[in-house]
Amino acid sequence: MRGTRGSLILVLVVFAILLIQSVFAGVLAPYPFTPYLGLPFVFALGTAPGVPVIRGTATAFAIGYLYDLSTGNPLGIHAFVFVVGFLTARLVGYLVSFRGIPFEMILTFTLTLALGGLLELIRGFVPGGMSWSGTALTLALLGSASATAVVAPLLFAVARRIDPTTERAPA
């Protein structure tokens, strides 16, 4: 029950952060440097050995769904991508043995870049989806991944503070 309560609190905190981001998006993060503030929380869950896969997947789905609600995207796109991000971070957490702030930043940058590309690929098949030029898409993905990586250590720390089961594994 303790882990479920931590996940619910984490989802509520992420939702509050997403609301603040949507209100102040133009002021806080100019395009294309808009971070995905929900992804570091999902990656923190994925790399934590104390988080069961079912709870982490459900939490990632809830965070992605709330991201869809706060951004006005078609429901389910971010939910799917965030679950894929959780499972990928889980795999990377098992395969890579080092931890710390550089690991969090590199993981966040790499996975945000990959998941952003997946998201844009999915959006290409959604009616009314955006069409990007190659240069604009690359700039947007790199800018967003960089901005997310910069704030990732702070958000990982917030996740660890809210839910102690997201504590990093020892190196």
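Structure notes:
- Test set (1) touching a residue at least 60 places away in the same chain (Cβ under 8 Å); (2) in a helix (DSSP H, G or I) - A89 fails condition number: (1)
- Filtered by the rule that a residue be modelled with pLDDT under 80 and surrounded by 13 or more Cβ atoms within 10 Å (Cβ to Cβ), the stretch 1-20 gives a lone residue, G3.
- Leading residue by the ranking (farthest from the chain's Cα centre (by Cα)) among those in the stretch 48-80 that are crowded, with 24+ Cβ neighbours inside 10 Å and not aromatic (F, W, Y): V51
- On inspection, V96 qualifies as at pLDDT below 85, over 23 Å from L137 (Cα atoms) and exposed (fewer than 14 other Cβ atoms within 10 Å of the Cβ).
- Residues satisfying the stated conditions in the stretch 33-47, i.e. crowded, with 19+ Cβ neighbours inside 10 Å and of a type in the set (S, T, N, Q): T47
- Only a single criterion out of (1) touching a residue at least 60 places away in the same chain (Cβ under 8 Å); (2) closer than 20 Å to T165 by Cβ; (3) part of a helix (DSSP H, G or I) is not satisfied by L115, namely (2).
- Note on the stretch 60-81: residues that are in contact with a Phe, Trp or Tyr (Cβ under 8 Å, 6 or more places away or on another chain) and on the phi < 0 side of the Ramachandran plot amount to 11.
- Check on E104, among the charged types (D, E, K, R), touching a helix residue (DSSP H, G or I) at 6+ places or on another chain (Cβ under 8 Å) and over 14 Å from L39 (Cα atoms): no
The values are calculated or read from the model by the stated rules, or taken from the named source; none is laboratory data. No experiment lies behind these values; they were computed from the predicted model shown. Glycine gets a Cβ as well: all are built from the backbone with ideal geometry, and neighbour counts include every protein chain shown.
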